[in-house]
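Every number here is computed from the coordinates shown, using simple stated rules; none is lab data. The shown structure was predicted, so the numbers you read here are calculated from the model rather than taken from an experiment. Cβ: placed from backbone, ideal geometry, glycine included. Neighbour counts: every protein chain shown.
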Amino acid sequence: MIQSILDYIARAGVLTVEQLAIVLGPVLILAFILDYLSRFVRNRAARILSLNFYIYLTAPGVMIHELGHAFFCVIFRHRIVSMHLFKPGRDGTLGSVEHAYDRKSIYQRIGNFFIGTGPIWFGTALVCLLAWYLLGPAASDALRDVAAPRGGTDIAATAGQAAAVVWQLFRSLLRPSLLATWRFWIVAYFIFCIGSHITLSRSDIRGTLGGFVFLVALVLVFDLLTSSFSEEFSLRACQQLLRGSVVFCAGISLVVCLNLLLAAVLMVLSAAIQFVR
């Protein structure tokens, strides 16, 4: 009897790990890659242009970063104590959102995870909206296709779907007729600004840890309850979340590719300046 209960709990635990890895794993991995790229681009740009110029050039991205925190504060009913969308400080901070919450509320504790990672979700959603605005049906059809259910829930399938839609979006973005329009360059500038600041500070990461623990506990309880009558119910719920996750993977992948292109350009410029000197 005890062994059966332990086996049941173990199966639910494995299912929980798989679900979180499938839904959150690819997005967070891409976000950490983008974080590294953004810091690289910022450092290279600072050498060529000056750090202050880069900070003010990408100020809209800082504001969207902070709005990402604030948006999830509202969703999870945290009280915003103070908010500075753009306020460069001597300590390196560019903006801030301070919030307070009821520690007795599990819902608000889980919110700490989404508030801390808010710039990832909020910024990526805006990138998808900007692509839709610029490309119209070409973008909406691509995103709709990548969000369509495929029946599988493995990470490899997620990566493949995201790669396919990113390639489709890039092909649409690089049309000569589109490159000649002012809309393309405005949207490209905002995507660059957003991508430059989809980064997580140390305080952001610290804030997510407690919320992540409660999120894992909530998913585990859900799996324990639903697995008792049907594991398929949990898997179907995971598939629905995966559809949204793939769209976010596509959006972040698009920003990663654009930052890679920018990093390459900056490396060439930096090498050329060094050669001239």
### Query
Can you list residues whose amide H is under 5 Å from Thr117's amide H, if they're 5+ apart or on another chain and H is modeled 1.01 Å from N?
none
### Summary
In the neighbourhood of Val97 defined by beta carbon distances under 12 Å, the net charge of the other residues (Lys, Arg +1; Asp, Glu -1) is -1
### Query
How far, in nm, would the chain grow between Tyr107 and Tyr56 when pulled straight, counting 0.36 nm per residue and subtracting the alpha carbon separation?
14.7 nm
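How far, in nm, would the chain grow between Lys87 and Ile29 when pulled straight, counting 0.36 nm per residue and subtracting the alpha carbon separation? Mind showing how you got there, number by number?
Working: separation 58, 0.36 × 58 = 20.88 nm, distance 2.87 nm.
18.0 nm is the gain from fully extending Lys87 to Ile29.
Quickly rank 185-193, 252-260 as a protection proxy: mean count of other C-beta atoms within 10 Å, highest first. Walk me through the numbers on the way to the answer.
Numbers: 185-193: 16.9, 252-260: 21.6.
Averaged packing, sorted descending, gives the order 252-260, 185-193.
What is the local net charge at Cys73, summed over the other residues whose Cβ is closer than 10 Å to its Cβ (Lys, Arg +1; Asp, Glu -1)?
Numbers: positive: Arg77, Arg79; negative: Glu98.
Local charge sum for Cys73: +1.
With a ≥ b ≥ c the root eigenvalues of the C-alpha gyration tensor of region 53-132, is it rounded (a/c under 1.5), prolate (a/b larger than b/c) or oblate?
Working: a/c = 2.94, a/b = 1.38, b/c = 2.13.
Oblate shape, in that a/c is at least 1.5 and b/c is the bigger or equal ratio.
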